[in-house]
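Take a look at the structure set out below.
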Amino acid sequence: MGLHPRLIDSHAHFDDESFDGDRAAALQRAHAAGVEAQVIPAVKADWWPRIRQLCIDYPELHATYGLHPMYLADHQPAHLERLAEWVERERPVAIGECGLDFYIDDPQPAQQQRYFEAQLALARDTRLPVIIHARRAVEEVINTLRRYPGVTGVLHSYAGSEQQALRLIDMGFSMSFGGPVTYERAHRLHKLVAALPLSAILLETDAPDQPCSSHRGERNEPACLAEVLDAISRLRDESPAVIAEQTTANTRRLFRI
């Protein structure tokens, strides 16, 4: 296995402009930390071409295309038609990032729901997994997913209950965890990560957001995935090698990479 376990960052916004000045160096730091691949979720249509080009330039990066609920002001109904065309032409590894966010000001739940359901229908029709953002909306997401049997995917930066997680696992979904698990006071999250079956867990950074506790206030980057691994290893009292091997296999299986 070498010096580091082999890891996949299942959720990194490595296309973000904050990496424009040192992207190649950040990628080298990720390699040095054992991160051999990344999944790059999109949040709005204007950024799809940027992600496409990034994943051409760096073949270890894997594109997904979607419309994020926090960017409603940037979305247009025509973008859903364009998304279907992009997915057919570009063959991404998933649809997303999509979902529901009822934490933001003026969440416009009906509009969020329309975009989310349209992307779930596209995932069902294309047999691609979905990357789901669910903030203050896990129960609503579960209720929506019930109407799309057969669709699978991951709830990224999962923050729901253990009971909700087990219902999602029964429906074929995984949960991914990142920087928040490294914070001392995240007791509820710690219990959750320790209790869930390892077969349903993926690792992520959500870079440049959600930095680990040792880097609070800084830009997050994929190299920090090693700290997430170490935190989950301690919480589960399992070796980093075992967790790395299983979560990497989970990620490869879900996204077929």
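Observations
- Rounded to 0.05, the FRET efficiency of the ARG216 and ARG91 pair, given R0 = 51 Å and the Cβ-Cβ distance, is 0.85.
- In this structure, the amide hydrogen of HIS68, modeled 1.01 Å from its nitrogen in the peptide plane, lies closer than 5 angstrom to those of LYS44, counting only residues at least 5 positions away or on a different chain.
- 3J(HN,Hα) from dihedral phi, segment 198-213, Karplus parametrisation 6.51/-1.76/1.60, rounded to Hz, x for glycine, proline: 4, 5, 10, 10, 10, 9, 8, 10, 6, 3, x, 8, 6, x, 5, 4
- Between LEU198 and ASP170, the simple spin-label model (points 7 angstrom out along Cα→Cβ) gives 2.5 nm.
- Kyte-Doolittle mean at least 0.0 and Cα axial length at least 15 Å: DSSP H helices in the chain: 225-236
- For the peptides 70-77, 160-167, the ranking by mean Cβ contacts within 10 Å, running from highest to lowest, is 160-167, 70-77.
- Gained length - GLU238 relative to ASN143, 0.36 nm times residue gap less alpha-carbon distance: 30.9 nm
- Considering every alpha-carbon pair of segment 146-257, the percent of pairs per 10 Å bin, from zero through the bin containing the longest distance, is 14, 47, 32, 6, 0.
- Across all Cα pairs in segment 93-213, the calculated P(r) in 5 Å bins from zero up to the longest distance comes to 2, 11, 22, 24, 21, 13, 6, 1, 0 percent per bin.
- Residue list for segment 185-217, given a label point 7 angstrom along the Cα-to-Cβ vector of ASP20 and an amide N cut-off under 16 Å: 208
- In summary, the convex hull built on the alpha carbon positions of the chain has an orientation-averaged projected area of 12.7 nm².
- For the pair ALA32 and ILE104 in one chain, pulling the backbone fully straight at 0.36 nm per residue adds 22.3 nm over the alpha carbon distance.
- The charge dipole of segment 99-254, taken about its Cα centre with unit charges on the Cβ of Lys, Arg, Asp and Glu (plus for the first two, minus for the last two), comes to roughly 420 debye.
- Ordering PHE255, ALA137, TYR148 by the projection of their Cα atoms onto the charge dipole of the chain, which places +1 on the Cβ of Lys and Arg and -1 on the Cβ of Asp and Glu, puts TYR148 at the extreme positive end.
- Proximity of backbone amide H atoms, modeled 1.01 Å from N, is registered between VAL35 and LEU7 at under 5 Å, excluding neighbours fewer than 5 places apart on the same chain.
- Between ARG256 and ASP74, full extension at 0.36 nm per residue minus the direct alpha carbon distance yields a gain of 62.5 nm.
- Label separation (GLN111 vs ASP57): 3.2 nm, computed from points 7 Å beyond Cα along the C-beta direction.
Where a number appears in this text, it was derived from the coordinates with a stated rule and is not lab data. These figures come from a predicted structure and were not determined experimentally. Neighbour counts run over all protein chains shown; Cβ positions are idealised from the backbone, glycine included.
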